[in-house]
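Remarks on the structure that follows.
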Amino acid sequence: MSKCVLCPNMCRVDRDTAKGLCLSPSQMIINRAALHFYEEPPISGARGSGAIFFGGCTMKCIYCQNYLISRYPQGKTYSPLQLAELFRKLEDEGAHNINLVTPTHYSDKIKQALNLYRPRIPIVYNTSGYERKEIIRSLKDYVDIYLPDFKYSCKALAEELSGRPDYPDCATEAIAEMLAQKSNRYDAEGILQEGAIIRHLVLPQELDNSLGVLELIKQNFGNGVTLSLMSQFTPVPHCNRLPRTLKPIEYKAVVARAQSLGFSDIFTQELTSAKPEYTPSFDVCK
Ligand code: SF4
């Protein structure tokens, strides 16, 4: 950690004394840890996913649905031992899995926590997709399920909306490593035990980007992967660039293209999913 290179930003700062682009200190900041029921059905199941929301983020999406904690990391600080205790607590509450939400900038500490206590339930790595493949390789024995976003096919859009023009290349390499590590395996109740689901949040007015993402996924990974096409985009107050929810015609066009490209394992959402429950309430100082 003395020269942090945990994500493609490669800031090389000492996070004990300085901040990199994620604005996150070396000690973990966790804002919320609770059972969460709004992931894909094989992740949430009936009992919920044990979601742990880390403060801070390695990207800077202007429309971030969790901006209250991603832009200005806030929450309680946790040591690896305290995180291990949180794993045990969520497991005792009946969670189907431990769902690490935006974990990239703390992957080193998460590994330390998992070395202290390995839950009997799967570990889910729920990431923006902006990852270094070398770091994903190092997680092979720690993570059971990858839940990566694939946000952009267009570098200019990735730069405009998230400040990361290298996103398409980084996400492609990282997801290739995830898929090489894990194949989908479900238990008798249909809960995912190991594997990967590639998520794409369809953005209003950006149909070409979404169609390009589907093309990139097919080109690089084939059409046998599991997709989750998300319609839950909700405008955030400070972002005039994307001021509305998705129109049915936009979402239907993306789902139809996925089907025409031969993807058959697809999770879809109702357009009514653009509602507050999908964004958890965070503990923030406003
Ligand atoms: S995790 Fe943070 S400090 Fe480290 S390279 Fe990424 S943005 Fe920079």
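The values are calculated or read from the model by the stated rules, or taken from the named source; none is laboratory data. Predicted model, so just to flag it, every value in this text is computed and none were measured. Neighbour counts are summed over all protein chains in view; Cβ atoms, including those assigned to glycine, are modelled from backbone coordinates with ideal geometry. Calculation scope for accessible area: heavy atoms of the full protein, side chains included, ligands and nucleic acids excluded. Shrake-Rupley method; radii C 1.70, N 1.55, O 1.52, S 1.80 Å.
Here are 255, 225: which of them is among the aliphatic types (A, V, I, L, M), at pLDDT 95 or above and in a loop (DSSP other than H, G, I, E, B)?
Every option except 225 fails the conditions.
Residue-by-condition table, conditions (1) crowded, with 16+ Cβ neighbours inside 10 Å; (2) at pLDDT 95 or above; (3) aliphatic (A, V, I, L, M); (4) at negative phi:
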| position | (1), (2), (3), (4) |
| --- | --- |
| 181 | yes, yes, no, yes |
| 200 | yes, yes, no, yes |
| 229 | yes, yes, yes, yes |
| 239 | no, no, no, yes |
| 251 | yes, yes, no, yes |
| 259 | no, yes, no, yes |
| 265 | no, yes, no, yes |
| 280 | yes, no, no, yes |
| 283 | no, no, no, yes |
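Can you find, within the range 9-30, the residue that is farthest from the ligand (Cβ to nearest atom) among those that are open to solvent by less than 20 Å² (accessible area, probe 1.4 Å) and not small (Gly, Ala, Ser)?
30
Where residues in the range 26-49 are under 15 Å from the mean Cα position of the chain (by Cα) and of a type in the set (Gly, Ala, Ser), which of them is farthest from residue 268 (Cα to Cα)?
49
Just to be sure I understand, how many residues within the range 172-197 are part of a helix (DSSP H, G or I) and touching a Lys or Arg at 6+ places or on another chain (Cβ under 6 Å)?
Of the range 172-197, the ones part of a helix (DSSP H, G or I) are 172-181.
Okay, now just the ones that are also touching a Lys or Arg at 6+ places or on another chain (Cβ under 6 Å), so 173-174, 177, 181.
Residues meeting the conditions: 4.
Taking residue 121, is it part of a helix (DSSP H, G or I) and surrounded by 17 or more Cβ atoms within 10 Å (Cβ to Cβ)? Talk me through it step by step, then tell me what you get.
Numbers: part of a helix (DSSP H, G or I): no; surrounded by 17 or more Cβ atoms within 10 Å (Cβ to Cβ): yes.
No: the conditions fail for residue 121.
State all residues of the range 130-171 that are in a helix (DSSP H, G or I) and open to solvent by 50 Å² or more (accessible area, probe 1.4 Å); if no residue qualifies, say none.
Hits for the range 130-171 are 133, 134, 137, 155, 156, 159, 160, 169.
Which of the residues spanning the range 38-58 are in a loop (DSSP other than H, G, I, E, B) and either within 11 Å of the ligand (Cβ to nearest atom) or not acidic (Asp, Glu) (or both)?
Correct list: 38, 45, 46, 47, 48, 55, 56, 57, 58.
Would you be able to tell me the number of residues in the range 93-116 that are in a loop (DSSP other than H, G, I, E, B), of a type outside the set (Ser, Thr, Tyr) and within 15 Å of the ligand (Cβ to nearest atom)? Please lay out each step first, then the result.
Filtering the range 93-116 down to residues in a loop (DSSP other than H, G, I, E, B) leaves 93-97, 102-103.
Adding the requirement that they be of a type outside the set (Ser, Thr, Tyr) leaves 93-97, 103.
Filter once more, so that each one left must be within 15 Å of the ligand (Cβ to nearest atom): 103.
Counting residues in the range 93-116 that are in a loop (DSSP other than H, G, I, E, B), of a type outside the set (Ser, Thr, Tyr) and within 15 Å of the ligand (Cβ to nearest atom) gives 1.
Being at pLDDT below 95, surrounded by fewer than 20 Cβ atoms within 10 Å (Cβ to Cβ) and hydroxyl-bearing (Ser, Thr, Tyr), is that true of even one residue in the range 71-88?
yes
Among the listed residues 6, 35, which satisfies the condition of being within 11 Å of the ligand (Cβ to nearest atom) and touching a residue at least 40 places away in the same chain (Cβ under 8 Å)? Before the answer, list the steps.
Details: 35 fails: within 11 Å of the ligand (Cβ to nearest atom).
Criteria check complete, one pass: 6.
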